[in-house]
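A.B. asks: Before we start, here is the structure in question, set down as C-alpha coordinates.
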Amino acid sequence: MHLVEKRLKTRPEPDHCGDLGIRIDRDGRWFYHGSPINRKEMVCLFASVLHRDEDGAYWLVTPEEQGTIIVDDVPFLAVELFTCQCGRDLVISFRTNVDELVTMDADHPLRIAECAKTGEPIPYIMVRDGLEARLTRAVYYELVALGYEEIVNGENMYGLWSKGTFFPLGRLE
(Lines give C-alpha, C1' and ligand atoms only; values in the text may rest on other atoms or scores of the structure.)
Protein backbone atom coordinates (compact mmCIF):
# COMPACT_ATOMS: atom_id res chain seq x y z
CA MET A 1 0.00 0.00 0.00
CA HIS A 2 1.31 3.42 -0.91
CA LEU A 3 2.02 5.86 1.90
CA VAL A 4 -0.61 8.32 0.65
CA GLU A 5 -3.30 5.62 0.45
CA LYS A 6 -2.39 4.42 3.95
CA ARG A 7 -2.56 7.97 5.31
CA LEU A 8 -5.97 8.54 3.65
CA LYS A 9 -7.36 5.32 5.14
CA THR A 10 -6.18 6.18 8.65
CA ARG A 11 -7.15 9.87 8.53
CA PRO A 12 -10.23 10.58 10.68
CA GLU A 13 -13.33 12.02 9.09
CA PRO A 14 -13.46 15.83 9.19
CA ASP A 15 -15.60 17.29 11.98
CA HIS A 16 -19.16 18.03 10.84
CA CYS A 17 -19.94 21.70 11.47
CA GLY A 18 -23.53 21.76 10.16
CA ASP A 19 -24.72 24.74 8.13
CA LEU A 20 -21.82 27.13 7.59
CA GLY A 21 -24.05 30.13 6.86
CA ILE A 22 -22.69 30.44 3.31
CA ARG A 23 -24.97 30.92 0.31
CA ILE A 24 -24.26 31.19 -3.41
CA ASP A 25 -26.98 33.15 -5.19
CA ARG A 26 -28.20 32.61 -8.74
CA ASP A 27 -25.70 35.19 -10.04
CA GLY A 28 -22.73 33.28 -8.56
CA ARG A 29 -22.23 35.72 -5.66
CA TRP A 30 -21.10 34.22 -2.37
CA PHE A 31 -22.51 35.42 0.97
CA TYR A 32 -21.64 34.71 4.59
CA HIS A 33 -24.61 35.23 6.92
CA GLY A 34 -26.12 37.59 4.35
CA SER A 35 -22.99 39.71 3.80
CA PRO A 36 -21.27 39.45 0.41
CA ILE A 37 -17.86 37.84 0.26
CA ASN A 38 -16.10 40.36 -1.97
CA ARG A 39 -12.55 38.96 -1.91
CA LYS A 40 -12.25 36.84 -5.04
CA GLU A 41 -9.29 34.95 -3.53
CA MET A 42 -11.52 33.84 -0.64
CA VAL A 43 -14.32 32.77 -2.99
CA CYS A 44 -11.84 30.82 -5.13
CA LEU A 45 -10.45 29.13 -2.00
CA PHE A 46 -13.94 28.09 -0.88
CA ALA A 47 -14.77 26.93 -4.41
CA SER A 48 -11.69 24.70 -4.43
CA VAL A 49 -13.07 22.68 -1.49
CA LEU A 50 -16.69 22.63 -2.70
CA HIS A 51 -18.30 19.22 -3.14
CA ARG A 52 -21.77 17.90 -3.92
CA ASP A 53 -23.04 14.66 -2.44
CA GLU A 54 -25.29 12.08 -4.10
CA ASP A 55 -28.36 13.70 -2.48
CA GLY A 56 -27.57 17.03 -4.15
CA ALA A 57 -26.35 18.82 -0.99
CA TYR A 58 -23.38 21.16 -1.29
CA TRP A 59 -20.48 20.88 1.17
CA LEU A 60 -17.26 22.71 1.89
CA VAL A 61 -14.82 19.97 2.93
CA THR A 62 -11.34 20.48 4.35
CA PRO A 63 -9.19 17.82 6.01
CA GLU A 64 -10.32 19.11 9.42
CA GLU A 65 -13.91 20.34 8.96
CA GLN A 66 -16.92 20.00 6.70
CA GLY A 67 -20.22 21.82 6.54
CA THR A 68 -23.14 22.45 4.25
CA ILE A 69 -23.83 25.56 2.23
CA ILE A 70 -26.87 26.75 0.27
CA VAL A 71 -26.69 27.09 -3.52
CA ASP A 72 -29.66 28.80 -5.20
CA ASP A 73 -29.05 27.31 -8.67
CA VAL A 74 -25.52 26.09 -9.39
CA PRO A 75 -22.27 27.22 -7.75
CA PHE A 76 -20.50 28.58 -10.81
CA LEU A 77 -21.05 30.75 -13.88
CA ALA A 78 -19.31 30.22 -17.22
CA VAL A 79 -18.17 33.75 -17.98
CA GLU A 80 -15.82 33.30 -20.94
CA LEU A 81 -15.64 30.99 -23.95
CA PHE A 82 -12.54 29.85 -25.85
CA THR A 83 -12.32 27.84 -29.06
CA CYS A 84 -9.72 26.20 -31.22
CA GLN A 85 -10.03 24.21 -34.44
CA CYS A 86 -13.35 24.18 -36.31
CA GLY A 87 -16.15 21.91 -37.52
CA ARG A 88 -16.07 18.42 -36.01
CA ASP A 89 -12.56 19.13 -34.66
CA LEU A 90 -13.78 22.12 -32.65
CA VAL A 91 -12.72 22.28 -28.99
CA ILE A 92 -14.76 24.58 -26.74
CA SER A 93 -13.59 25.59 -23.28
CA PHE A 94 -15.05 27.87 -20.64
CA ARG A 95 -13.63 29.93 -17.78
CA THR A 96 -15.80 30.11 -14.70
CA ASN A 97 -16.29 33.02 -12.34
CA VAL A 98 -13.82 31.29 -9.98
CA ASP A 99 -11.22 30.93 -12.77
CA GLU A 100 -11.61 27.19 -13.31
CA LEU A 101 -11.19 26.09 -16.92
CA VAL A 102 -13.36 23.32 -18.32
CA THR A 103 -13.43 21.85 -21.80
CA MET A 104 -16.79 20.70 -23.12
CA ASP A 105 -16.50 16.97 -23.85
CA ALA A 106 -18.12 13.65 -22.99
CA ASP A 107 -16.98 13.98 -19.35
CA HIS A 108 -18.00 17.65 -19.13
CA PRO A 109 -21.24 17.78 -21.11
CA LEU A 110 -23.44 20.71 -21.95
CA ARG A 111 -26.96 20.44 -20.56
CA ILE A 112 -29.84 22.61 -21.72
CA ALA A 113 -32.68 22.97 -19.22
CA GLU A 114 -35.88 24.93 -19.80
CA CYS A 115 -37.07 27.74 -17.56
CA ALA A 116 -40.42 26.66 -16.13
CA LYS A 117 -41.78 30.24 -16.22
CA THR A 118 -40.59 31.45 -19.62
CA GLY A 119 -39.68 28.32 -21.57
CA GLU A 120 -36.28 29.88 -22.36
CA PRO A 121 -33.24 27.59 -22.53
CA ILE A 122 -30.90 27.57 -19.54
CA PRO A 123 -27.48 26.13 -20.48
CA TYR A 124 -25.18 24.39 -17.98
CA ILE A 125 -21.74 22.80 -18.28
CA MET A 126 -20.43 20.11 -15.93
CA VAL A 127 -17.31 21.48 -14.25
CA ARG A 128 -16.31 18.66 -11.89
CA ASP A 129 -17.76 16.00 -9.62
CA GLY A 130 -21.42 16.97 -10.01
CA LEU A 131 -20.71 20.70 -9.87
CA GLU A 132 -22.10 22.71 -12.77
CA ALA A 133 -21.70 26.21 -14.15
CA ARG A 134 -24.54 28.09 -15.81
CA LEU A 135 -23.48 29.86 -18.98
CA THR A 136 -24.04 33.60 -18.78
CA ARG A 137 -26.36 35.00 -21.44
CA ALA A 138 -23.46 36.55 -23.40
CA VAL A 139 -21.47 33.30 -23.36
CA TYR A 140 -24.54 31.31 -24.41
CA TYR A 141 -25.18 33.66 -27.35
CA GLU A 142 -21.54 33.30 -28.36
CA LEU A 143 -21.93 29.51 -28.20
CA VAL A 144 -25.14 29.57 -30.26
CA ALA A 145 -23.37 31.67 -32.92
CA LEU A 146 -20.84 28.83 -33.36
CA GLY A 147 -23.54 26.21 -33.97
CA TYR A 148 -24.79 24.76 -37.21
CA GLU A 149 -27.29 22.28 -38.60
CA GLU A 150 -26.49 18.58 -38.21
CA ILE A 151 -28.49 15.39 -38.83
CA VAL A 152 -28.36 13.28 -35.65
CA ASN A 153 -30.20 9.93 -35.52
CA GLY A 154 -32.33 11.08 -38.43
CA GLU A 155 -33.31 14.33 -36.71
CA ASN A 156 -32.42 17.80 -37.95
CA MET A 157 -30.58 19.37 -34.98
CA TYR A 158 -28.83 22.67 -34.31
CA GLY A 159 -25.69 22.30 -32.21
CA LEU A 160 -21.95 22.00 -32.25
CA TRP A 161 -19.05 19.64 -31.78
CA SER A 162 -16.43 19.76 -29.06
CA LYS A 163 -13.70 17.15 -28.54
CA GLY A 164 -15.47 14.71 -30.88
CA THR A 165 -18.91 14.87 -29.21
CA PHE A 166 -21.94 16.59 -30.73
CA PHE A 167 -23.88 18.80 -28.31
CA PRO A 168 -27.38 19.70 -29.53
CA LEU A 169 -28.67 23.16 -28.74
CA GLY A 170 -32.13 22.46 -30.14
CA ARG A 171 -34.21 20.77 -32.81
CA LEU A 172 -34.81 22.38 -36.18
CA GLU A 173 -38.34 21.83 -37.43
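The values are calculated or read from the model by the stated rules, or taken from the named source; none is laboratory data. Because the structure is a prediction, the values reported are computed rather than measured. Using ideal geometry, Cβ is built from the backbone for each residue, glycine included, and neighbour counts are taken over all protein chains shown. Just so you know, the surface numbers come from the protein's heavy atoms only, side chains and all, with ligands and any DNA or RNA stripped out. Shrake-Rupley method; radii C 1.70, N 1.55, O 1.52, S 1.80 Å.
A.B. asks: When only Cα pairs under 8 Å and 6 or more residues apart are kept, what is the percent relative contact order across the chain?
C.D. replies: 17 percent
A.B. asks: By how many nm would the segment from Glu155 to Thr118 lengthen if fully extended, with 0.36 nm per residue of separation less the alpha-carbon distance?
C.D. replies: Values: separation 37, 0.36 × 37 = 13.32 nm, distance 2.53 nm.
Using 0.36 nm per residue and subtracting the Cα-Cα distance, I get 10.8 nm.
A.B. asks: Per residue, how much accessible area does segment 6-113 have with a 1.4 Å probe, in Å²? Walk me through the intermediate numbers first.
C.D. replies: On the way: 6620 Å² over 108 residues.
On a per-residue basis, 61 Å².
A.B. asks: Using a Gaussian network for the chain with springs between C-alpha atoms less than 10 Å apart, which of these wobbles most: Val152, Val49, Val74?
C.D. replies: Of Val152, Val49, Val74, the Gaussian network model singles out Val152 as fluctuating most.
A.B. asks: Next question, about the same structure. Can you find, among Tyr58, Gly170, Pro14, the residue sitting farthest towards the positive end of the charge dipole of the chain, where Lys and Arg contribute +1 and Asp and Glu -1 at Cβ?
C.D. replies: Pro14
A.B. asks: Assuming R0 = 30 Å, can you tell me the calculated FRET efficiency for the pair Val144 and Ser35, based on Cβ-Cβ distance, to the nearest 0.05? Each step should come with its number before you reach the end.
C.D. replies: On the way: r = 36 Å, r/R0 = 1.22.
My answer for the efficiency is 0.25.
A.B. asks: Provide the FRET efficiency to the nearest 0.05 for the Arg128-Gln85 pair, computing r from the beta carbons and using R0 = 22 Å.
C.D. replies: Working: r = 24 Å, r/R0 = 1.07.
Efficiency at R0 = 22 Å is approximately 0.40.
A.B. asks: Just Glu150, Glu142, Glu114 to compare: in a GNM of the chain, with alpha carbon springs under 10 Å, which one fluctuates most?
C.D. replies: Glu114
A.B. asks: Take the Cα radius of gyration of the chain and divide it by 2.2 N^0.38 Å, with N its residue count; two decimals is plenty. If you can, show how the numbers build up before the last one.
C.D. replies: Values: Rg = 18.8 Å, N = 173, 2.2 N^0.38 = 15.6 Å.
Here the answer is 1.20, to two decimals.
A.B. asks: Kindly report the accessible area of segment 125-173 per residue (heavy atoms of protein chains, probe 1.4 Å, no ligands, DNA or RNA), in Å².
C.D. replies: Details: 2660 Å² over 49 residues.
Result: 54 Å² per residue.
A.B. asks: Express the carbon and sulfur contribution to the solvent-accessible surface of the chain as a percent, rounded to the nearest whole number, probe 1.4 angstrom. Working shown, then result.
C.D. replies: Values: 5520 of 10660 Å².
Whole-percent figure for carbon plus sulfur exposure: 52.
A.B. asks: Please report, in debye to the nearest 20, how large the charge dipole of segment 93-173 is about its Cα centre when each Lys and Arg carries +1 at its beta carbon and each Asp and Glu carries -1 there. If you can, show how the numbers build up before the last one.
C.D. replies: On the way: 8 positive and 13 negative charges, 39 e Å.
Taking the Cα centre of segment 93-173 as origin, the dipole is about 180 debye.
A.B. asks: Shifting gears a bit: Using a 10 angstrom Cβ neighbour count of at most 11 plus a DSSP loop assignment to flag exposed trypsin sites (Lys or Arg not before Pro), which longest range of the chain is free of such sites?
C.D. replies: Numbers: sites that count: Arg26, Arg39, Lys117.
Here the longest segment lacking exposed loop sites spans 40-116.
A.B. asks: Here's another thing I want to ask about it. Which one of Val91, Leu160, Pro109 has its Cα pushed farthest toward the positive end of the charge dipole of segment 62-173, where Lys and Arg give +1 and Asp and Glu give -1 at the Cβ?
C.D. replies: Leu160
A.B. asks: Shifting gears a bit: Is it possible to state the helix-based mean residue ellipticity at 222 nm for the chain, with each DSSP H run of 4+ residues giving -39500 (n - 2.57), the sum divided by total residues, to the nearest 500 deg cm²/dmol? What is it?
C.D. replies: Working: 3 runs with 27 residues, N = 173.
About -4500 deg cm²/dmol.
A.B. asks: Additional query: Nearest-5 percent of antiparallel DSSP beta bridges in the chain?
C.D. replies: Numbers: 42 of 50 bridges.
About 85 percent, rounded to the nearest 5.
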